[in-house]
Amino acid sequence: MAIPIMLIPGLLCSARLYLPQIPELWQCSAVMIAEHTRDDTMAGVAERILRNAPPHFILGGLSMGGYVAFEIMRQAPERVTKLILMDTSARSDTPEQIERRHTLISRAENGQLEQIADQLFPVLVHPLRQNDPALKGLVCLMASEVGPNAFVRQQNAIISRADSRSGLGAIKCPTLVVVGDQDELTPPELSKEIVDGISGAQLIKIPECGHLSTLEKPDKVSQAIVNWIQS
């Protein structure tokens, strides 16, 4: 029986983040989208996902989803048969990043989530997509689906997360790292750092792509993942 695939969305992203991938990945196995909005610590998010996950699964996560994936690998590495990390980082936040997150939390609590999504969009995508109304509309729709309360919980979980660099060597399952070549939020050098730390890990850079690779270059990302799973 094929091993199920569990995908974790990013910050302020709903299941729509992986909508283009589901039909392609479904040819490999059943696909599940994890719940990542109800807890305010990475440990809590990971524990909830593990309670609802199959005994063994292929695990994938983009951005915050990657942060959660690292926590799952700390809690239950024996349950993950393959690992896919997309546009993410093994590092914890810098003080400057934490300060920016606290500012965003305050704005969300004051009813400005829609404006936050609108203002974040240019740094989430490749410069060629910054004036793409359909893609921007999708990003704003996902933000509305997550909502301000969940956004605050997610930010608090991200702020308090552990630095995962010291644990990269303990990851023994086959690992694929995917990154947009012009990802501004988690640049390719952070993906290379992950690959360098995990024995046998493979790195794929997606050309002309920013942070939201699954939506910006869906066909290339889907094909890269399917080829790797089937290899």
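Structure values in brief
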read-out: Theoretical gain in end-to-end length, E109 to A162 [0.36 nm per residue, Cα-Cα removed]; value: 16.6 nm
read-out: Probe 1.4 Å, accessible area per residue of the stretch 109-197, Å²; value: 48
read-out: For the stretch 68-181, the spread of Cα positions along each principal axis, largest first, Å; value: 41, 30, 25
read-out: Pairwise centroid distance, computed over Cα atoms, of the stretch 185-215 with the stretch 67-106, Å; value: 14
read-out: Accessible area of V179 in the full protein assembly, 1.4 Å probe (Å², nearest 10); value: 0
read-out: Unit charges at the beta carbon, dipole of the chain: most positive-side option, W228, P95, P218; value: W228
read-out: Size descriptor, Kirkwood hydrodynamic radius, that averages inverse alpha-carbon separations across the stretch 115-172, Å; value: 13.7
read-out: Within the stretch 4-73: Cβ-based charge dipole about Cα centre, in debye rounded to nearest 20 (Lys, Arg +1; Asp, Glu -1); value: 120
read-out: Separation in nanometres of the label points that stand 7 Å from Cα toward Cβ, at Q119 and S199; value: 4.7
read-out: Considering only the chain, percent of DSSP beta bridges that pair antiparallel, nearest 5; value: 0
read-out: Amide N proximity, the stretch 174-207 versus D219 label position 7 Å along Cα-to-Cβ, cut-off under 15 Å; value: 207
read-out: By accessible area with a 1.4 Å probe, ligands and nucleic acids excluded, highest first: order of D219, D181; value: D219, D181
read-out: Highest-fluctuation residue, I116, I84, I194 considered, GNM on the chain with Cα pairs under 10 Å; value: I116
read-out: Student exercise, the chain dipole from Lys, Arg, Asp, Glu Cβ charges, in Debye to nearest 20; value: 500
read-out: Coordinate range along principal axes, alpha carbons of the stretch 1-90, Å, largest first; value: 33, 27, 22
read-out: Spherically averaged projected area of the chain from its Cα convex hull (nm²); value: 11.2
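The values are calculated or read from the model by the stated rules, or taken from the named source; none is laboratory data. Since this is a predicted model, take the numbers as computed values, not measurements. Because the Cβ atoms are built from the backbone with ideal geometry, glycine has one as well, and the counts that use them run over all protein chains shown. Surface accessibility is based on the protein's heavy atoms, side chains included, excluding ligands, DNA and RNA. Shrake-Rupley method; radii C 1.70, N 1.55, O 1.52, S 1.80 Å.
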